[in-house]
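K.L.:
The structure's right below; bear with me while I get my questions together.
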Amino acid sequence: GNQLVCDENDNILYEEENLLINATFLSLDEAYEKVIEHGGILIPAHIDRKSNGIISVLGSLPETPKFNIAELNFRNSIDSYREMTGINTFLVNSDAHYLWDIKEKEDFLELDADLNASGDEIRKALFEFLRGAK
């Protein structure tokens, strides 16, 4: 489909012509460094999935990963992945592609933000949480 780059108000800035779904030649460490260099947060997605997760694609995680947070599809696998990876913080998401696959509100984050915080303040608290995950 179209690969649109949008601003914060969903206005289309341009359409990316290069196909972005292909694999990279970067190592995981190189990818991590690029993410950090650009002010991002590297969170390997659905590492507990049988397909398209980092473990199923690469076969394993680094013995001492540089990232300190990962995402799982299923809450019941947190303990085994914590033991296997040494990662302590996990996000649990449904990775839903259809409305009926969206999980119920059972997993959430507690952020250090005021109840009346603005969207920018909540975003800042979220990024601080993700960067400081231990």
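The values are calculated or read from the model by the stated rules, or taken from the named source; none is laboratory data. The model shown is predicted, which means the values in this text are computed figures rather than measured ones. All Cβ positions, glycine included, derive from the backbone under ideal geometry; neighbour counts span all protein chains shown. Heads up: the accessible areas ignore ligands, DNA and RNA and are worked out on the full protein's heavy atoms, side chains in. Shrake-Rupley method; radii C 1.70, N 1.55, O 1.52, S 1.80 Å.
K.L.:
Can you name the condition, by its number, that THR24 falls short on among (1) surrounded by 15 or more Cβ atoms within 10 Å (Cβ to Cβ); (2) out of contact with any Ser or Thr (no Cβ under 7 Å at 6 or more places or on another chain); (3) modelled with pLDDT under 85?
P.N.:
Status for THR24: all satisfied but (1).
K.L.:
Looking only at the range 107-134, which residues are open to solvent by less than 70 Å² (accessible area, probe 1.4 Å), among the hydrophobic types (A, V, I, L, M, F, W, C) and either farther than 19 Å from GLU71 by Cβ or assigned to a helix (DSSP H, G or I) (or both)?
P.N.:
Passing the criteria: ALA113, ALA117, ALA125, LEU126, PHE129, LEU130.
K.L.:
Let me ask something else. Can you find, within the range 58-75, the residue that is farthest from GLY132 (Cα to Cα) among those that are open to solvent by less than 20 Å² (accessible area, probe 1.4 Å) and without any contact (Cβ under 8 Å) to a residue 60 or more places away in the chain?
P.N.:
Only one residue tops the list, namely ASN73.
K.L.:
Okay, next question. Looking at the range 92-101, which of its residues are aliphatic (A, V, I, L, M) and surrounded by 15 or more Cβ atoms within 10 Å (Cβ to Cβ)? If you could, list the steps in order and put the result at the bottom.
P.N.:
Step one: filter the range 92-101 for residues aliphatic (A, V, I, L, M), giving 92, 96, 99.
Matches in the range 92-101: VAL92 only.
K.L.:
I need the full set of residues from the range 75-109 which are modelled with pLDDT under 85, among the hydrophobic types (A, V, I, L, M, F, W, C) and within 15 Å of the chain's Cα centre (by Cα), in order please.
P.N.:
ALA96, PHE108, LEU109
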